[in-house]
Amino acid sequence: MAAACRRPALGAVAARRRARVRPDARRVVGACRAGRAVRRAAAGDRRAGAGRTPRPARAARRGRDDPRDRVARGAGRVRPRGRAVSGRDRVVRAAPAKINLVLDLLGPREDGYTEIATVFQTVELADTVRVTLDRDGDDATHLEVRPRAPCPDERNLAVLAARAYRTASGLSGTIAIELDKRIPDGAGLGGGSSDAAAVLLALERLSGTPLGAERLAALAAGLGADVPYFLVGGLAVGRGRGEQVAALDDLAPRPVVLARVDEPLPTAEVYRRARAGLTPCADPPNIRRFFRYLEEGAAGRPPVFNALERAAAALRPGIPRLVERLARLGGRAAMTGSGSAVFALFEDDESARAAARDLARREPDAWIEVTRTLPRGVRG
């Protein structure tokens, strides 16, 4: 789909200048190392310092929670970084969802996974993650999820993230995690991965002896392919299984409609079907197309594509139906991740809301959310 052409406003011209492709992103499309973008983000945090945490709703809207998260102890006093003290501290973070603007398959890997190239984008829809560290407690990890999740605590990525951090850092004390869930599970929106990244960053803030960006990125990659991305957030390109991440300059915020009518999809089965007859490709055309869109000034809505969509549609027929309906309503639509949610980008908020209302009338059982793209992820 060609990008819409229209005379840009002054703000759009500035956005074009910001949307140039960074050299490190080009290296990811070739062969990048995980963690390069995370180191940049960590340096930004050190410059930003720490302040008060916004209310969860505001944090979900802007995602700038890392330099502003509050370590609450006693009357809300902020504990200086690097000093371990006794007592109970808490960090509250927004953990945003993501969409895959582009997802291309490059070919099978020797480890049984599929090599991909993808363009990630966070959106304002977010879970709220509260992490409390009681240094005087035992070395237990507790989880409370609202509403209660079907996934057992032992398999929840937030718990696995806390345990991985404890093992790597030697952190002692009781870790209590509270998740207020808004991102649906099994939808391709990255909710569990975002929660895990939020826990890692919260414990890094609470520990008193941080691991550092490189070790944190390695922990994230061990938890899941999408977790490293949520240490960076915003617009980013990923390769490998998705864990090799480099940030791109952010695009101007844009309204997004998310929708889902079907049950969660088995990711492994979607990839298995998509790999059948796949011709290996080292230079994915849809990623090239997206970079060309950036280089030409990022005018209008970006191109979207998901190579897994056909395989997922064979398992969940509601996916192509939603994509088609959102496209007819004026959106630039595609599936996100391995499904089963779809998204559509719109030119303005009113168009997005009107499309969501129309879709709700046609699909009364659908989960529908109107949100916006978010410049940054859980790192802020």
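The values are calculated or read from the model by the stated rules, or taken from the named source; none is laboratory data. Computed from a predicted structure; not experimentally measured. Here the Cβ positions follow ideal geometry from the backbone for every residue, glycine too, while neighbour counts run over all protein chains shown.
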Practice item. Taking the options 362, 353, name whichever one is surrounded by fewer than 14 Cβ atoms within 10 Å (Cβ to Cβ) and either at positive phi or not assigned by TED's automatic domain parsing to the domain that holds residue 239 (or both). Key: 362
Study note, to complete from the structure: Of the residues in segment 90-115, those that are touching a helix residue (DSSP H, G or I) at 6+ places or on another chain (Cβ under 9 Å) and either crowded, with 24+ Cβ neighbours inside 10 Å or among the charged types (D, E, K, R) (or both) come to 90, 91, 93, 94, 95, 96, 97, 98, 101, 102, 103, 104
Practice item. Can you tell me which residue among 129, 145 is among the β-branched types (Val, Ile, Thr), modelled with pLDDT of 95 or more and under 18 Å from residue 228 (Cα atoms)? Key: 129
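Among the residues that make up segment 352-363, is at least one of them modelled with pLDDT of 95 or more and within 29 Å of residue 115 (Cα to Cα)?
no
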Point to revise | segment 185-205: number of residues that are at pLDDT 95 or above and assigned to a loop (DSSP other than H, G, I, E, B) | key: 4
Exercise for review: Collect the residues in segment 148-183 that are closer than 21 Å to residue 96 by Cβ, modelled with pLDDT of 95 or more and assigned to a loop (DSSP other than H, G, I, E, B), keeping them in residue-number order.
Suggested key: 156, 181, 182, 183
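For (1) within 30 Å of residue 355 (Cα to Cα); (2) surrounded by fewer than 20 Cβ atoms within 10 Å (Cβ to Cβ), each residue gets a yes or a no:
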{"position": "230", "(1), (2)": "yes, no"}
{"position": "255", "(1), (2)": "yes, no"}
{"position": "280", "(1), (2)": "no, yes"}
{"position": "297", "(1), (2)": "yes, yes"}
Check your understanding: Quick check, is residue 208 in a helix (DSSP H, G or I) and not assigned by TED's automatic domain parsing to the domain that holds residue 321?
Key -> no
Exercise for review: Out of 173, 191, report the one residue that is within 26 Å of residue 243 (Cα to Cα) and surrounded by 16 or more Cβ atoms within 10 Å (Cβ to Cβ).
Suggested key: 191
Review point. So, in segment 266-306, of the ones that are aliphatic (A, V, I, L, M) and modelled with pLDDT under 90, which residue ends up farthest from residue 325 (Cα to Cα)?
Key: 282
Check your understanding: Does residue 140 qualify as being closer than 19 Å to residue 223 by Cβ and among the aliphatic types (A, V, I, L, M)?
Key -> no
Review point. (1) assigned to a loop (DSSP other than H, G, I, E, B); (2) of a type in the set (D, E, K, R); (3) within 19 Å of residue 242 (Cβ to Cβ): which one isn't true of residue 269, the others all being true?
Key: (1)
Exercise for review: Scan segment 317-373 residue by residue and report those that are closer than 17 Å to residue 261 by Cα and among the β-branched types (Val, Ile, Thr).
Suggested key: 319, 323, 336, 342, 368, 370
